[in-house]
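Every number in this text was worked out from the coordinates using simple rules, so none of it is lab data. Everything numeric in this text was worked out from a predicted model, so none of it was measured. No Cβ is skipped: glycine too gets one built from the backbone with ideal geometry, and neighbour counts run over all protein chains shown.
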Amino acid sequence: MIQKAFIPIFASIIVITILLMSTYPKMIESQKHPEIEILNFATDKNTYSSYEDMKISLLIKSSKDLENVTIRVWGIKPRNYAYINDSKIVNLKEGENEITFTEKTPYCTSGCGGVYPGPYDLNAEVWINGKSVANSTKTINLVKS
């Protein structure tokens, strides 16, 4: 008697599994984004002083034309505050795209009121429809003025 009760449950599990297996590839395909790659993430120098202009450039490769893509750069984050924090909404063309930012480095001291001298990470991210699809990190050095 107990075995006969499990047959409908077992059959239901098999049917549900087959249905999921047939729709899963379609779900994955619909969530794919075009291939985006950060080919180069660079700054004009590796070492900066206080309040110095930093030119940041990104070379981004896109597999097709895309509109309303968010490019974000952020970093120099000594106490959970990003001193560099900027973004742009751009249209990418198929192929290579150069995106540039000009940012001001923070005040660099040996202590209070500024950022300690030393190495800091800069981050770059590419966002499509609220989802991060590519990222890169670069380290720069801050020195006391």
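Remarks
- Counting only residues at least eight positions apart within a chain, or on another chain, the aspartates and glutamates with an alpha carbon under 20 Å from that of Lys61 are Glu35, Glu37, Glu94, Glu96, Glu98, Glu125.
- Projected label points at Glu37 and Lys131, each 7 Å from Cα along the beta carbon direction, are separated by 2.0 nanometres.
- Placing dummy labels 7 Å off each Cα toward the beta-carbon, the span from Ser49 to Tyr81 is 2.4 nm.
- Using distinct alpha-carbon pairs, which all enter the 1/r mean, Kirkwood radius of region 81-136 in Å: 14.1 Å
- Here the translational diffusion coefficient of region 36-142 follows from Stokes-Einstein with Rh set to the Kirkwood radius across Cα pairs; for 20 °C and 1.002 mPa s it amounts to 149 µm²/s.
- In terms of distances greater than 22 angstrom between alpha carbons, the cross-link table entries Lys93/Lys131; Lys55/Lys131; Lys55/Lys144; Lys104/Lys138 yield Lys55/Lys131.
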